[in-house]
Every structure is written in C-alpha cells, then in structure tokens.
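Let me begin by presenting the structure, written as structure tokens, before commenting on it.
The values are calculated or read from the model by the stated rules, or taken from the named source; none is laboratory data. Just so it is clear, the model here is predicted, and its values are computed rather than measured. Note that each Cβ is placed from the backbone with ideal geometry, even for glycine, and that neighbours are counted across all protein chains shown. Surface accessibility is based on the protein's heavy atoms, side chains included, excluding ligands, DNA and RNA. Shrake-Rupley method; radii C 1.70, N 1.55, O 1.52, S 1.80 Å.
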Protein chains: 2
Amino acid sequence: MFWLNGEIFDGPRAPFDLTDRGLLLGDGVFDTALVLGGRIFCGEAHLKRLFEAMAALGIRADHGQIHQAAEALSARGKDGVLRLTVTRGPGPRGLRPQEPQHPTILATFAPLSPNLFFAPLSLHLSAIRRNETSPTSRLKTLNYLDAILAARDAAEKGHDEALLLNCAGRVACAAAGNVFAVFGQEIVTPPLSEGVLPGIIRSVILAECGAREAALDFTEVMTADALFVTNSVRLISPVTRLGDRALRSSESRVIGDLQHHIRQALLAECTADLPFPQAPAAHKSG
Amino acid sequence: MFWLNGEIFDGPRAPFDLTDRGLLLGDGVFDTALVLGGRIFCGEAHLKRLFEAMAALGIRADHGQIHQAAEALSARGKDGVLRLTVTRGPGPRGLRPQEPQHPTILATFAPLSPNLFFAPLSLHLSAIRRNETSPTSRLKTLNYLDAILAARDAAEKGHDEALLLNCAGRVACAAAGNVFAVFGQEIVTPPLSEGVLPGIIRSVILAECGAREAALDFTEVMTADALFVTNSVRLISPVTRLGDRALRSSESRVIGDLQHHIRQALLAECTADLPFPQAPAAHKSG
C-alpha cells in the first residue's frame, strides 16, 4: 500500500517525477515505525524526529500531509511497518537545492515480520566507519549504502548484523540500529556526537529505563556482560556473538527487563493483541 | 528527455516502482558525462567506471541496455549533459539485497551550461570529512547528501565549491570534483585511497599530462602555486580563493596548458563546434 503526494496506490507502480532529488542524489529523509492495531508505536516521537531531520536538510514538506499519510496507511494496514519518506522533490541538475522546492511525500506500508521482535543476533565488526563529522550520521537519510555494504559483508561472514565504529575508532552503532552495552546493572550507549542516529527505542530506554550515554571504546564493549541492538522493527535484540566472542546476552536479566518494559509500552499504546509470546524468549531463560 | 528501462519519455513523469532501492536507500550508482555533437566525451571511460561501480555493489544491470540508453539520448540531444543512473531496482523492506534483482536503468539528458566550462571558482573548507574507510568514497553512488550539505555550506559562506578533507585530515576532493595542486611545474592530486572518486578528467590529466598522485596535507595545499578542480561538466576550473587566501590560479600557465589539452581532446573526439571561446579565459591571461 502506497501513499504518494496525496494519492493512494495499491501496487508499487505510480507516476513519479524522474528528476526527484531523492532518487538522483539521495536528497531526503525517512522514518520506519511499527504499527500494531492501527496505532503507530511512539508515533509522535517518530514524526518529531522526521520533522527535525527535514529541518536539518532544509526540506519544507507540509507536516499536516505527512500526518495524514501516516494515519491513512496505519488505519488501513492495522499491523505492519510504516515507512515515511520525504525528499526535496524534483529539481534541475546540480548539487545545490533550488527554490521553489516541491518536496515529495511517500508513505509505504509493509507486512510485519514478527519473527524479528526481540530476536537475538550476532555482530560482525565492519571495516566501514561511521562518519561522525557529517550531520547525516545523526539523521535517517536516504544515504544507506554504507549500511547496506556493512550488512552485506556481515552476512557473508556468517553474522546477522554489522557493528560500526566511527572515524575516531570508538563504537557508533549497528548497520540498522543502536548499540547498548550492559556492565552489571549499568546500561550504556554512545552519545549522538559519536555519529549515532537518535533511535526511538534508544530514546525510550534512555528516558525510562535508567540507561546513560557514554563514549565506548571497542575494547570496553568486548568486556561487557551483555550487548543489545535496538531499532523500531526488532525492538530489543540481544547480541549472542561479537565476531568470534560468544556473549550470554540472551540470558541477561537486565535485557529481559528492558524487553518486558517495551512489551508493556506496546500493550499500553497500541494493542492487547501482541504478535509475539507473553514473555520474550530472553526473559524466560533469564 | 528520459530513458527508463527501455522506454523514452519527453516529460519527467513516468510510471516508476516506488519500492525501488535507489529511491528508498540510495542503493545505486550514476555517471555524468559531457555530450557535444552527439558524442560522449570519453564515453568508454565513463561507461567503464559505471560498470565497475555496479560490480563493486553487485548490481547486475545489462551493459548493452546502458550503452543503448546512452547512445539513444546522446544522438537525440546532440549537446548537453548525459546522466546514467543504475539502481539495484525494486525490493522488499530491509537492507540486505534480495535475489533475483531487477535493476533500474534511467538515463536523462540536460541542457549544456557552457558558462561552467573552465569557469574559475572559490573553495570553502568543509567541516564534513570524506569517509575514506568506505568503498562508496571511491564510487559515484546515489549517496550525495554530504556533498550537497558541503556545497550548501560553501554557498552560504560566499564560495562556489567545498573542499573536503578525509577522516585522516588530508585533502580528498571537492563536493563535485577532483582537486589538483600545482607546485612549480608539478601537478599533484590525492590517490583514490584517500577517499577520492576516480574522475574521468582526473584520469586524463594523470595519463596524458604528467600529473602524479600523492597524499596532500591541507598545509601543503595552502602553499601551492595554484589549485584547480576537475569534473566532467566544468572540465578544469582554476581555484581563485581557498577560504580567505587568494590564489592566482587563473593566471597559471600550467593550468592554461591543461585546459588547452582538454579543449584539443574535445575537438578531436566530439565536435569542431565547441560551445566556448577559442582559448579558455585562463589561457588568454596566462
């Protein structure tokens, strides 16, 4: 199901302006959110982050229309993954944006992958660094090739996800998620200044679960009791392996409690009909 | 004029698959080439680089079709800028590419900007670094946001273009071009390993004009006799200013000779009817 500049399309093909800077230059931003029972989990936080990313790039798409697209697809789709994409719109050749701009608003709705919720994963240390000198490292932009290449490389090495250091050599994030380390009862994640996307699940854990921001060297992460990766589709994934090192993150009580917290938040905000078992696997074995 | 997967469109709107990974993730590559008299300047080199970038990303679009698109638009357009875009094509949600792939081939033809040929420019040192740890720093991919932001910032500071250092702090390139420094008769440009795109004009100057590759510190560049920026649309642009420092690059005989060389190559390969004066401005004043 697709929403493009005010029109709904059932199939993926729609009339599109081939001079769109999102298509030609990656000049745009997006957001991915979980929808259950027709409600977007942390919907306001997702939209706020999207609007802030648009402002950072100077893309002035109508907020009301984006709200409308999000609500239309969520109400129709019920359970799934909502993606909102906003590009700077069509433009002539050249890097510098021209005025007036006519931003493109595209919303898509994809089926749920319930097997991803809380699913443990293994991490491969990528050779590609996250470029913290660029504002785009802190925005969810259409420039995802580094993450694609890191994820592809991780898969070729037999891992589920990639861990990226930044150009200073400290821990930044996963290809598609934030990274947290657990030391005893302490929960730590790198600050945004390390080249980190302000993930929505990340911000919930920071605001509601006593986690804190701190720069993390790779050697520190290697000594953590447990690691986990967060994003809006996986929610909280315990890391079972980092390169050759096995980790018992799936048995971590701290991670199990966080998963429980997110599950309760989903119940409170979205639906009583959660598409996964009563207690996440990690919690049961904790 | 547009060529999309085998069909020609006069206007910019065409039926397009909204799940295209080029649009949603920047998962694709492109090439921009100068066309004069219906002939692509350094056409084979442009296509070779595009095919190599596709191979690096594992995008398997049909080379014959890309040739066809390039020839169809060049023959019709005569004088202009040909852009070939190849994306990994439509795909389901998720970073990792799925098989089978159905790459998208898009060719566009834009009018010439003859006032850009050999036009002098001023450079602003960007705070955004070029990430040489990523293979994408050496490929012309759809991930152009860093360059867009650097160019926007340069314009806001009253400059024409941005100079980007890499994460190691050495000189990499301009937002849309390669950078060369002139020391006496010596012509030097950073090697690809510094996070540099293998520009086509760059490679002509390296192969035919006695230039050489060497890592360049910013302080070295600040002591150069002259600087210039190359790309396929500007060709060779003398740098008149780097931040606050004025440069007499427009009067450089070395740069004038390079411009003459490129002009002769255009005459030999494309057309006797060049859309700019007999001698470039820089050469006249040299």
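In this structure, is B:Gly177 among the small types (Gly, Ala, Ser) and within 23 Å of B:Arg39 (Cα to Cα)? Spelling it out, B:Gly177 is indeed among the small types (Gly, Ala, Ser) and within 23 Å of B:Arg39 (Cα to Cα). Filtered by the rule that a residue be assigned to a loop (DSSP other than H, G, I, E, B) and either among the acidic types (Asp, Glu) or crowded, with 21+ Cβ neighbours inside 10 Å (or both), segment B:240-268 gives B:Asp244, B:Leu247, B:Ser252.
Within segment A:67-83, the set of residues being in contact (Cβ under 8 Å) with a residue 40 or more places away in the chain and either open to solvent by less than 10 Å² (accessible area, probe 1.4 Å) or at positive phi (or both) comprises A:Ala69, A:Leu73, A:Lys78, A:Gly80, A:Val81, A:Leu82.
For segment A:110-123, the set of residues classified as touching a residue at least 60 places away in the same chain (Cβ under 8 Å) and open to solvent by less than 30 Å² (accessible area, probe 1.4 Å) consists of A:Phe117, A:Phe118, A:Ala119, A:Leu121, A:Ser122, A:Leu123, listed by residue number.
Of all residues in segment B:152-169, those satisfying the criterion of being more than 9 Å from chain A (Cβ to nearest Cβ) and either open to solvent by 20 Å² or more (accessible area, probe 1.4 Å) or over 25 Å from B:Glu220 (Cβ atoms) (or both) are B:Asp153, B:Glu156, B:Lys157, B:Gly158, B:Asp160, B:Gly169. Residue count for segment A:137-151 under the criterion of being facing chain B (nearest Cβ under 7 Å) and within 17 Å of A:His124 (Cβ to Cβ): the result is 5. Residues that are closer than 21 Å to B:Phe2 by Cβ and assigned to a strand (DSSP E or B) within segment A:8-42 comprise A:Phe9, A:Arg13, A:Ala14, A:Pro15, A:Phe16, A:Asp17, A:Asp20, A:Gly28, listed in sequence order.
Considering only residues of segment A:124-136 that are more than 7 Å from every other protein chain (Cβ to nearest Cβ) and of a type outside the set (Ser, Thr, Tyr), which is surrounded by the most Cβ atoms within 10 Å (Cβ to Cβ)? Among residues in segment A:124-136 that are more than 7 Å from every other protein chain (Cβ to nearest Cβ) and of a type outside the set (Ser, Thr, Tyr), the one surrounded by the most Cβ atoms within 10 Å (Cβ to Cβ) is A:Arg130.
Among the residues of segment A:265-273, none qualifies, meaning not one is closer than 20 Å to A:Leu163 by Cα and touching a residue at least 40 places away in the same chain (Cβ under 8 Å). Taking the options A:Gly11, A:Gly64, A:Gly58, name whichever one is open to solvent by 10 Å² or more (accessible area, probe 1.4 Å), within 23 Å of B:Ala150 (Cβ to Cβ) and among the small types (Gly, Ala, Ser). Just a single option satisfies the conditions, and that option is A:Gly58. Comparison of B:Ala45, B:Ala56 shows that the only residue that is within 30 Å of A:Asp31 (Cα to Cα), small (Gly, Ala, Ser), part of a helix (DSSP H, G or I) and in contact (Cβ under 8 Å) with a residue 24 or more places away in the chain is B:Ala56.
State the number of residues belonging to segment B:64-116 that are away from chain A (no Cβ under 12 Å), assigned to a helix (DSSP H, G or I) and not charged (D, E, K, R). Qualifying residue count for the region: 14. Would you confirm whether any residue within segment B:137-150 is open to solvent by 10 Å² or more (accessible area, probe 1.4 Å), in a strand (DSSP E or B) and in contact with a Ser or Thr (Cβ under 8 Å, 6 or more places away or on another chain)? No, the conditions are met nowhere in segment B:137-150.
Each residue in segment A:17-40 was checked for being surrounded by 23 or more Cβ atoms within 10 Å (Cβ to Cβ) and at the interface with chain B (Cβ under 7 Å from one of its Cβ atoms), and 6 pass.
Selection of first residues in segment A:215-236 that are under 20 Å from A:Gly184 (Cβ atoms) and of second residues that are of a type in the set (Lys, Arg) and open to solvent by less than 40 Å² (accessible area, probe 1.4 Å), restricted to Cβ pairs under 9 Å at least 6 apart or on distinct chains, gives the following pairs, ordered by first then second residue: A:Thr230/A:Arg202. Residue selection: B:Met1 satisfies the criterion of being at pLDDT below 95 and either under 19 Å from the mean Cα position of the chain (by Cα) or surrounded by 15 or more Cβ atoms within 10 Å (Cβ to Cβ) (or both).
Checking the condition farther than 28 Å from B:Ile128 by Cβ, among the small types (Gly, Ala, Ser) and open to solvent by less than 10 Å² (accessible area, probe 1.4 Å), which residue from A:Ala224, A:Ala207 passes? The conditions single out A:Ala224. Applying the criterion of being aliphatic (A, V, I, L, M) and under 20 Å from B:Leu266 (Cβ atoms) to the residues of segment B:41-55, the residue that is least open to solvent (accessible area, probe 1.4 Å) is B:Leu47.
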